[in-house]
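Remarks on the structure that follows.
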Amino acid sequence: MRILISADMEGATGVTWPADVEPGTEQWQRFRRMFTGDVNACVRGLCQGGATEVLVNEAHDTQRNLLLEDLDGRAAMLTGKHKPLSMMQGVNSGVDGVVFLGYHTAAGTQGVLSHTYLGNSITGVWLDGVLASEGRLNAAMAAEHGVPVLLVTGDDLTCADAADYAPGARQAAVKECVSRYSAICLPPQRTAELIEREAAAAMAGAGRVPGTPGPHRIEVEFDAAHLASAAAIVPTVEQVCLLRVGFDAVSMTEAMKAFKVVTAIAAGAVEKVYG
Ligand SMILES: [Zn+2]
């Protein structure tokens, strides 16, 4: 039983503030230890539940946040940027389940540090007409490969989101959202117990099933008109209105590749102050 953990940081234990997850800051140095603690609790639980191999794919910012020297010896870590499948790299390597650890809610919704890929410039992403978090997008990619989502960790609203896009997954809420920048947080000892217990139970759902490839449409809305114009130069991407682009793809994997290009081009067009 091989399990993939896609590890984002905004939904990690204690995180409520941009500096907590911005590489290089003092607070980030502190929170990356708690982030690593969440991952280790998950690895312990998965192994208790029958996992024989765990791959941790770093999915936050520079994708160099977790402390390899403190990682549970039963896991291996995929670290660093520029991976073809991004947050979901490894989902196509024959894994029997995936965990979304440290996830967060979508741009345009309530939740601690809610956003979708870009911090602020993207105001909403729609997958086949449904407002989509990174979790919803990644769950569609997992489904295409026949890989069940076993467990989602993050704030309580992230767990509520997961209940909708992955109803079969277990959940571990490590904090209760009060606002986008505040939450009632459980200390690491308690979140570790919670994550470990839920990860062990989640292994009951492990096991690959036939994948469900099929076409998908993604629409992306920006907070400024020039970002939509910039994104619309990508082949297959059309500007559907002043602030929005959309594209159709033959599969979720192809859709996410196009989405990655759209976000990269838009990020490159963001100017300080005016956005
Ligand atoms: Zn994220």
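The values are calculated or read from the model by the stated rules, or taken from the named source; none is laboratory data. Note that the structure is predicted; figures quoted are calculated from it, not measured. Neighbour counts run over all protein chains shown; Cβ positions are idealised from the backbone, glycine included. Heads up: the accessible areas ignore ligands, DNA and RNA and are worked out on the full protein's heavy atoms, side chains in. Shrake-Rupley method; radii C 1.70, N 1.55, O 1.52, S 1.80 Å.
GLU271 passes every criterion in (1) in contact with a strand residue (DSSP E or B) (Cβ under 6 Å, 6 or more places away or on another chain); (2) without any contact (Cβ under 8 Å) to a residue 24 or more places away in the chain apart from (1). Which of the residues belonging to the range 67-89 are within 21 Å of THR263 (Cα to Cα) and either away from the ligand (no atom under 13 Å from the Cβ) or basic (Lys, Arg) (or both)? Of everything in the range 67-89, those that are within 21 Å of THR263 (Cα to Cα) and either away from the ligand (no atom under 13 Å from the Cβ) or basic (Lys, Arg) (or both) turn out to be THR79, GLY80, LYS81, HIS82, LYS83, PRO84, LEU85, GLN89. Scanning the range 128-146 for residues that are aliphatic (A, V, I, L, M) and open to solvent by 10 Å² or more (accessible area, probe 1.4 Å) returns VAL130, LEU131, ALA139, ALA140, ALA143.
The set of residues from the range 135-154 being under 13 Å from the mean Cα position of the chain (by Cα) and on the phi < 0 side of the Ramachandran plot comprises GLY135, ARG136, LEU137, ASN138, ALA139, ALA140, MET141, ALA142, VAL149, LEU151, VAL152, THR153.
Filtering the range 34-66 to residues that are away from the ligand (no atom under 15 Å from the Cβ) and at positive phi leaves only GLY50. Specify the residue that is farthest from HIS145 (Cα to Cα); the eligible residues are those in the range 233-256 that are assigned to a loop (DSSP other than H, G, I, E, B) and in contact with a helix residue (DSSP H, G or I) (Cβ under 9 Å, 6 or more places away or on another chain). Among those residues, the one meeting the criterion is LEU242.
Taking each residue of the range 65-79 that is in a loop (DSSP other than H, G, I, E, B) and looking for partners that are of a type in the set (A, V, I, L, M) and open to solvent by 50 Å² or more (accessible area, probe 1.4 Å) with beta-carbon atoms closer than 6 Å, six or more apart or interchain, yields nothing.
Among the residues of the range 110-127, those identified as open to solvent by 20 Å² or more (accessible area, probe 1.4 Å) and over 21 Å from MET88 (Cβ atoms) are GLN110, ASN120, THR123. Contact map, the range 146-166: residues that are over 19 Å from LEU46 (Cβ atoms) paired with residues that are of a type in the set (Phe, Trp, Tyr), Cβ distance under 8 Å, separation 6+ or inter-chain. Pairs shown: THR158/TYR103.
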